[in-house]
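As structure tokens, the structure follows; a few thoughts come after it.
The values are calculated or read from the model by the stated rules, or taken from the named source; none is laboratory data. Values in this document were obtained by computation on a predicted structure and should not be read as measured data. Note that each Cβ is placed from the backbone with ideal geometry, even for glycine, and that neighbours are counted across all protein chains shown.
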Amino acid sequence: MTRFSSQTDSEGRRIPLYDADGFAGMRKAGRLAAATLDFIAPHVQAGISTAELDRLCDQFMRDAGAIPGTVGYHGYQHASCVSVNHVVTHGIPGDKVLADGDIVNIDVTPIVEGWFGDTSRTFLVGEVRTLAKRLVDTTFEAMMAGIDIIRPGTTLGDVGAAIEAVARRERFSVVRDFCGHGLGRVFHDAPLVMHYGKAGTGVVLEPGMFFTVEPMLNAGKAEVKILADGWTTVTRDRSLSAQFEHSVGVTEDGVEIFTPWAVS
């Protein structure tokens, strides 16, 4: 049974608190999401199209008995988002062919027995520039810095501040137009999870809260724009962007990552 926190998020929405059954459901969904990215990793090579990567992810999730949560979501028609180089998020799979030196984020959300597992990784295609690798490595480090401090009593402001501190140390910017979100039996739920902020502020974390931590870091400025298709979001200055995402649950004494990749 789902209870609710007495707190509300920044949009005034009640925040669900899940029990042991919720943790069990999210483990199944999260592990399949992670397995999908582990499966697709060796296919992320120069010469493959983003549409083919999407097809492979779609088939993998469906063969496992899951439904891709993005198909039909607000009209979106693909099983994944595939965002290359200066595409920040929500890249639509299509004819784009990967080339040596690209960086590419793949984001998947299988639904398993009604639970949404949501995760993404940024992959390196062949030999990439030093700046690109540093951006990708820093983005992963920033995500983990936010996750590592999650426990009851920590605030979402603490999480955002930890992420932002890593980005600033390397002189990268944090995208502010998109954020993490609650999830469970709903794809996007309370609370909103900002990847910047002031320590000690915001929602105080409680056992049973589920949400994503998914920072997007840009090599240039933080400003982004959404293209005419209504989905594809790019950096305004065309600088590189990277993202990583895990789905997590607050436990009685820490945090559980629901989407543990086997491949680093």
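Below is a table of values for the structure above.
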| read-out | value |
| --- | --- |
| Output for the range 214-240, where each listed residue is closer than 22 Å to residue 191 by Cβ, part of a loop (DSSP other than H, G, I, E, B) and either at pLDDT below 95 or within 17 Å of the chain's Cα centre (by Cα) (or both) | 214, 215 |
| The range 118-143 residues that are modelled with pLDDT of 95 or more, paired with ones that are among the basic types (Lys, Arg) (beta carbon under 7 Å, 6 or more apart) | 124/133 |
| Those residues of the range 164-184 which are touching a helix residue (DSSP H, G or I) at 6+ places or on another chain (Cβ under 8 Å), under 18 Å from residue 144 (Cα atoms), not hydroxyl-bearing (Ser, Thr, Tyr) and not in a helix (DSSP H, G or I), in sequence order | 170, 172, 174 |
| Complete set of residues in the range 147-172 that are touching a Gly at 6+ places or on another chain (Cβ under 7 Å), of a type in the set (Gly, Ala, Ser) and in contact (Cβ under 8 Å) with a residue 40 or more places away in the chain | 157, 160 |
| Test: residue in the range 241-253 that is part of a loop (DSSP other than H, G, I, E, B) and polar (S, T, N, Q) | yes |
| Residue satisfying condition, being closer than 30 Å to residue 234 by Cβ and either touching a strand residue (DSSP E or B) at 6+ places or on another chain (Cβ under 9 Å) or of a type in the set (D, E, K, R) (or both), within set 63, 21, 95 | 95 |
| Selected residue (criterion: surrounded by the most Cβ atoms within 10 Å (Cβ to Cβ)) from residues of the range 110-154 that are out of contact with any Ser or Thr (no Cβ under 6 Å at 6 or more places or on another chain) and of a type in the set (S, T, N, Q) | 139 |
